[in-house]
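Peer 1: Take this structure first; my questions come after.
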Amino acid sequence: MYHDIFLKSPEPFIPRSSNIYHISEQTFIEHLNQIKKSKVNVVGLTKLSTSKDSISLTFDDGWIGAFKIGLPIIKEFGFKCTFFITKSFVGRQGFVNEKGIVMASEAGMEIGVHGTTHRMLSNCSNDEILWEFKNCRKYLESLTGQNIISASMPGGDWNKNIASCAKEAGFKNLCVSTPGINYSYTNSYKLQRIAITDKTNGRDISRYCDKDISKELIKSRFFNLPKKILGMRKYSNLRRWILGENKNSNSEIFKP
Ligand SMILES: [Zn+2]
């Protein structure tokens, strides 16, 4: 689960709670070199369930660096990836515009839905959840001509009801943000992903390709405890307070 890629350093307007997940071009190339060495197949998310020993590279939110810097590198390696787009972010400062999405689609990359507004869905009504999924799906389908059947959850916020709504909205795959390896019997409406942060190095990537994610599982159990106790909104506010951000600042929209 990637987000953004920058050349030398992250843009100063991006708050720390977001740019933890943003990596440099040099690091990204190091990651892809490790993947190439490990000889796993790199496929779009819709091909994952039918390809043996495969991994998928996904990018959430629609950050501009993922398209401008990441995409040419991915193409050079001959890999495929999936971009999850939030409709209301398209064309905003720091995010891809419509032309960029079309270009990625034409380059053979998969496009998926990451909500219409990026709000957390566990507190929404079914009508609101369906609108978040369907509105973005329709927009991306008419923009790219792709049949869009994959989505990822803003903030990783997931429950069974959200998964049923995703199915009703026409999706076949739904990605969350909890770490795990997906098998052919895994619920395709709860596909697990490993978050790539600015601390993820080549050795970590090579571990992931060997299906060793023990470190990430321990970390995730530790961080899930306050999430469960506090609930998603309070947890996000606490996280931003720890990172020195004002909870009323406009960084709300950048929550990964
Ligand atoms: Zn996001």
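Peer 1: Find all pairs meeting these conditions: Cβ atoms under 7 angstrom apart; at least six residues apart or on different chains; first residue within region 150-173 and in contact (Cβ under 8 Å) with a residue 60 or more places away in the chain; second residue away from the ligand (no atom under 16 Å from the Cβ) and part of a loop (DSSP other than H, G, I, E, B).
Peer 2: 150/171; 151/171; 172/149; 172/188; 173/149; 173/188
Peer 1: Consider residue 66 against the criteria (1) in contact with a helix residue (DSSP H, G or I) (Cβ under 7 Å, 6 or more places away or on another chain); (2) hydrophobic (A, V, I, L, M, F, W, C); (3) within 30 Å of residue 165 (Cβ to Cβ): it satisfies all of them except one. Which criterion is unmet?
Peer 2: Going through (1) in contact with a helix residue (DSSP H, G or I) (Cβ under 7 Å, 6 or more places away or on another chain); (2) hydrophobic (A, V, I, L, M, F, W, C); (3) within 30 Å of residue 165 (Cβ to Cβ) one by one, residue 66 breaks only (1).
Peer 1: Checking the structure you have, find out if any residue of region 77-84 is within 12 Å of the ligand (Cβ to nearest atom) and modelled with pLDDT under 95.
Peer 2: No.
Peer 1: Please go through region 191-212 and give me each residue that is surrounded by fewer than 20 Cβ atoms within 10 Å (Cβ to Cβ) and either farther than 17 Å from residue 59 by Cα or charged (D, E, K, R) (or both), ordered by number.
Peer 2: 198, 199, 201, 202, 203, 204, 206, 207, 209, 210, 211, 212
Peer 1: Restricting to region 90-120, what's the tally of residues that are hydrophobic (A, V, I, L, M, F, W, C) and within 13 Å of the ligand (Cβ to nearest atom)?
Peer 2: 3
Peer 1: Checking the structure you have, find out if any residue of region 91-109 is closer than 19 Å to residue 51 by Cβ and not polar (S, T, N, Q).
Peer 2: Within region 91-109, one or more residues are closer than 19 Å to residue 51 by Cβ and not polar (S, T, N, Q).
Peer 1: Answer yes or no: is there a residue in region 123-138 that is of a type in the set (Phe, Trp, Tyr) and either closer than 21 Å to residue 192 by Cβ or under 15 Å from the mean Cα position of the chain (by Cα) (or both).
Peer 2: yes
The values are calculated or read from the model by the stated rules, or taken from the named source; none is laboratory data. Everything numeric here is computed off the predicted structure, so don't read it as measured data. With ideal geometry, Cβ positions are generated from the backbone for all residues, glycine too; neighbour counts draw on all protein chains shown.
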